[in-house]
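Bear in mind that the values in this text are calculations on the coordinates, not laboratory data. Only a predicted model underlies this, so the values are computations on that prediction, with no experimental measurement involved. Here the Cβ is made from the backbone with ideal geometry for all residues, glycine too, and neighbour counts use every protein chain on show.
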Amino acid sequence: MSSSLAGLVPAQPPSVIEMPAIDWAASAPLWIVFAGACVSVLLEAFLPRHQRWPVQVLWTVLTMVAALIALAGYALSGPDPVLTFGAALAVDVPTLFLWGTLLVLAIPSLLMLADRSVEPGGVFVASSAERAAVRNGGGSAGAGSPPSDDAPEHVDRSYGLPGQAPTMQTEPFPFALFALGGMMAFVAANDLLTMFIALEVLSLPLYLMCGLARRRRLLSHEAAVKYFLLGAFASAFFLYGIALLYGYAGSVRLSEISQAAAGSLASDTLLFAGLALLLVGLLFKGSVGPFHTWTPDVYQGAPTPVTAFMAACTKVAAFGAIARVLYVAFGSTRWEWRGVLWAVAIVSMAIGAVLGLTQTDVKRMIAYSSIAHAGFLLLGAMAITPQGTAGMLFYLVAYGFTTIAVFGIVSLVRGPDGEAGHLSAWAGLAKRSPLVAGVMTFLLLALAGIPLTSGFTAKFAVFSAASADGMVPLVVIALIASAVAAFFYLRVVVLMYFSEPAEDGPTVVVPGAFTTVAITLGTLATLLLGILPTPVLEWAASGAFAG
């Protein structure tokens, strides 16, 4: 018996598994954000409820500032591109630029999330305990008659305790930090499995945050469910694409997929089918038509600060990942897939520009504007040149700041039922609040691409790169789409300045410090990036994607 067992024992001990090398300095911004998110969860669990809001706000801001300091210290040292965490993450110049963009856009977004002055008590729903108290007979809805679940969507569902202003939930702070960390991992992912995990990490908190609006609860729930179901469907496409690409290349690493595509004798059916499915998931996240169907409903139904966070940061993450996949893994096959992406870009620009004309809600109008801008961004992603990459990266930071400021302004125009989203509510706004109307006009002109704004510089950079790479017909179509889209921006300007306000129309509330800082940062960045874009463009053009 002993001799037979001895034959089963290996002659030599198994080799020791080596831990992958980790460059802690290069990855510091990423792990600082994730560590901050984990601590934020612990704060949520152990702090008394009345202490959570100030502590969570302070901790969230400190986490992002610490990540920015670590990023600046590493970037200023002029490092070479590195692969870390077992080559799962690539830290190169585009990664550092995208990380910096996400962090600087997340700060004003998180300040808007934390504001409790524009919407008394905050934009997020009060605690379940307060809602239960209302349903048991208390609350401000009337004597023993709380608002029912099938009430119209305009009904205020604040659910505060009798005689008390309802307080907002503070769970969105760790949600936002986890989503931000997922976005940072998403743009740095050097293999498709890491990219998929990062996609889910950034998506799941956003699904939850969309359904936590204090007002218009049914609309908020509908937005969350639509976003979740369509997002899960897009993730399935993404995962199936990974499986097909692994079957083709025998690896999920982007550089090895590129090597297989350049030198393999196998059929290209798996390669391009996998790329098509992969792009469905990525284009969905970027709100690129025709994979845009979630965008108008979610932008309208989610709390406005969450909409601002998604509109700015999620687009940065999506196009950073799209550019890395196309540049690193599929750069050698660009002539095979470029025609399909031409069609996608044209469809996205047409949907955004044409359907945006028909919208009567401001948030839905900006959603269709986002779809059109996604088509413009795709021109830079398709170029696969340093000029195209630089133009796309600059466009992302310029569009992000402008969009956050726009949604900050949208949150200030309010009626008795909350935000006054219908365009008719903006009639004569310049007479009620000249400052708010002036800032909104400047931001809308930036989205339209008027000179001396960041929007003009961003479009010029992307269109120039696309023209230099042989996409002149597509640039002409993009210019036509820009001209069409300018109409619905100018329509709002005309309403604000050349229409008479209704006597019982909405009012413009005075923003608190947090929302004021967010709008100011977005507006100043829109101005400065239009007048002095050179430093940002030079940093964006100083390196290429590594793999």
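Tabulated data
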{"quantity": "Footprinting exposure proxy for Thr358, Thr403 (fewest neighbouring C-beta atoms within 10 Å first)", "calculated": "Thr358, Thr403"}
{"quantity": "Residue-wise HN-Hα coupling along segment 103-111, computed from phi with Karplus coefficients 6.51, -1.76, 1.60 (Hz; x: Gly, Pro)", "calculated": "5, 6, 7, 5, 4, x, 4, 5, 5"}
{"quantity": "Prolate/oblate/rounded call for the chain, Cα gyration tensor, a/c under 1.5 rounded", "calculated": "oblate"}
{"quantity": "Estimated inter-spin distance, Val65 and Leu435, nm [label 7 Å along Cα→Cβ]", "calculated": "2.5 nm"}
{"quantity": "Dipole magnitude of segment 360-454, debye to nearest 20 (Cβ charges: Lys/Arg +1, Asp/Glu -1, about Cα centre)", "calculated": "160 debye"}
{"quantity": "Sequence of Val340, Val436 once ranked by neighbouring C-beta atoms within 10 Å, starting from the fewest", "calculated": "Val340, Val436"}
{"quantity": "Using θ = phi - 60° and Karplus 6.51 cos²θ - 1.76 cosθ + 1.60, couplings along segment 461-474 (whole Hz; Gly, Pro as x)", "calculated": "5, 5, 5, 5, 5, 5, 5, 5, 9, x, 10, 4, x, 5"}
{"quantity": "Net dipole in debye of the chain [+1 Lys, Arg Cβ; -1 Asp, Glu Cβ; about Cα centre; nearest 20]", "calculated": "560 debye"}
{"quantity": "19 Å reach of a label modelled at Leu452, 7 Å along Cα-to-Cβ, counting backbone N of segment 389-408", "calculated": "402"}
{"quantity": "Sorted by Cβ density within 10 Å, fewest first, the residues Ile404, Ile69", "calculated": "Ile69, Ile404"}
{"quantity": "Among Ser40, Met19, Phe309 - extreme Cα towards positive end, dipole of the chain, charges at beta-carbon", "calculated": "Phe309"}
{"quantity": "Cα gyration tensor shape of segment 327-478, rounded if a/c is under 1.5, else prolate or oblate by comparing a/b with b/c", "calculated": "prolate"}
{"quantity": "Cα gyration tensor, segment 397-513 - rounded (a/c under 1.5), prolate or oblate", "calculated": "prolate"}
{"quantity": "Contour excess over end-to-end distance, with Cα ends at Cys38 and Trp335 and 0.36 nm allotted per residue", "calculated": "102.5 nm"}
{"quantity": "Extreme residue, positive dipole direction of the chain, given options Ser235, Tyr327, Gly122 (C-beta unit charges)", "calculated": "Gly122"}
{"quantity": "Helix-only CD estimate at 222 nm, as mean residue ellipticity for the chain, using -39500 (n - 2.57) per DSSP H run (n ≥ 4)", "calculated": "-22000 deg cm²/dmol"}
